[in-house]
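For reference, the structure discussed in these notes is given below.
We did not get these values from a lab; they are worked out from the coordinates using the rules stated. Because the structure is predicted, anything quoted here is derived from the model rather than measured. Here Cβ is always computed from backbone atoms with ideal geometry, including for glycine, and neighbour counts include all displayed protein chains.
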Amino acid sequence: MPQPLVTIGIPCYNCAPHLPMLIRSIQAQTYPHWRVIAIDDGSQDGTADFLRSIADSRFQVLIDNENLGLARRLNQIADLAQGDLLARTDADDILLPHRIERQVQAFVEDQRLDVCSSGLYVVDNHNRVRGLRRVPELAQSARDVMLRNGPSHPTVMSTRSWALQNRYRCEYRRGEDLDLWIRTIEVSRIRILPEALHIIREDTQFDGVKYQNTIRDHRQVVRHYLSKNGDVMDMVAVQGRMLVRSWVYQSAVSLGCANWLAGRRNLPLSAADRAAIVSFLDGISAPSAEGEQTFLPVSV
């Protein structure tokens, strides 16, 4: 089996509390041929200091005092990446041990594959397991993406050539992924692995302001593309659905049930799956007998 080099890109902004677990989860990968590019995007907490402390030679760290936003940092990572494959993760996420191995295998099995994503688990900011996120059916058209988005963004691995050819637009700070999938879904070969290989964080306290900002940017993205198509019925259907969704969540916030509504996106786990996730999280967060944390960044 070929062993392609994978670059794992981590754009970082004010994520110091969660970075240690992410770094250890990367160091715990069963696939050995990876390098990391971590870019601090003008953080104001201890993110930059922690990144500087990583002594693992597989990590390339860049510190920037300017906050340029996620899309620009993802483009920068693609420019700097080495190897044929580029994986991404958010800085407060966690990679399960077989994530890189499973996704590399998908590219080896299908030489025409452009993008591979996966299922994911959800934990809160205290590492308590919230559930298994529903894996959406892969969208087949730009309109499908507008209605239900595309592959789960932080789980994505792509070829580096695809990433360079399909750069992020930077106009929409909370809509860069939607814009990317609208542009590429019909011309790219994409596979979604049903297996959950990634963990995202979702706080138990629903952030209504952040959600409304996301909906605002998504509506701008959709309006941009639908206005070019000139299809009035599509404009009404898609924008109407987004407005309804926004109204539902606004109402849920007012009624105090937004946390419950957001949680309905997650499926319950079996006792065995929950125990396995908890065991892994404990292994990358708990101090060892010597008083040092497991998978602590060390020279390699």
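Sequence-ordered 3J(HN,Hα) estimates for region 107-122 from the Karplus curve with 6.51, -1.76 and 1.60 and θ = phi - 60° stand at 6, 5, 6, 10, 5, 8, 5, 9, 9, 9, 10, 8, x, 8, 9, 10 Hz, glycine and proline given as x.
Expected output is a single nm value to one decimal: the length gained when fully extending between LEU267 and LEU147, i.e. 0.36 nm times separation in residues minus the C-alpha distance. What is it?
Computed gain between LEU267 and LEU147 is 41.1 nm.
Other residues whose C-beta falls under 11 angstrom from the C-beta of LEU132 contribute a net charge of +3, scoring Lys and Arg +1 and Asp and Glu -1. Note that region 79-96 has calculated 3J(HN,Hα) couplings of 5, 8, 5, 10, x, 8, 10, 10, 9, 10, 7, 6, 6, 9, 8, 9, 9, 6 Hz, one per residue in order, obtained from phi through the Karplus relation 6.51 cos²θ - 1.76 cosθ + 1.60 (θ = phi - 60°); glycine and proline are x. Adding -39500 (n - 2.57) for every DSSP H run of four residues or longer, then dividing by how many residues the chain holds, sets the calculated 222 nm ellipticity at -12500 deg cm²/dmol. Residues whose amide H lies under 5 Å from that of ALA16, counting only those 5 or more places away or on a different chain, are GLY46, THR47; hydrogens are built 1.01 Å from N in the peptide plane. Between GLN140 and ARG35, the contour length at 0.36 nm per residue exceeds the Cα-Cα span by 34.6 nm. Placing a label point 7 Å from the Cα of ARG241 along the Cα-to-Cβ line, the residues of region 144-159 whose backbone N sits under 15 Å from it are 144-151. Helix 208-229 sits at what angle to the longest principal axis of the chain, using alpha carbons and giving 0 to 90 degrees rounded to 10? Approximately 60 degrees, to the nearest ten.
Given the Cα atoms of the chain, and with Rh set as the inverse mean 1/r over their pairs in the Kirkwood sense, what is Rg to Rh to two decimals?
0.96
If R0 is 45 Å, the Cβ-Cβ spacing of ASN259 and GLU109 corresponds to a FRET efficiency of close to 0.65. The ranking of VAL135, VAL187 from fewest to most other beta carbons within 10 Å of each one's beta carbon is VAL187, VAL135. In order along region 132-149, the Karplus-derived 3J(HN,Hα) couplings, from 6.51 cos²θ - 1.76 cosθ + 1.60 at θ = phi - 60°, round to 10, 6, 4, 8, x, 5, 4, 5, 10, 8, 4, 5, 4, 4, 4, 7, 9, 6 Hz, and Gly and Pro are given as x. For ARG223, ARG133, the sequence from fewest to most other C-beta atoms within 10 Å is ARG223, ARG133. Amide H neighbours of TRP34 under 5 Å, at least 5 residues apart or on other chains, H built in the peptide plane: list them. Distant-sequence amide H within range of TRP34: VAL6. When SER43, SER246, SER141 are arranged by Cβ crowding within 10 Å, least crowded first, meaning fewest neighbours, the order is SER141, SER246, SER43. Between GLN205 and ARG167, the contour length at 0.36 nm per residue exceeds the Cα-Cα span by 10.4 nm.
Relative to its residue count, region 205-265 spans a Cα convex hull of 74 Å³ per residue.
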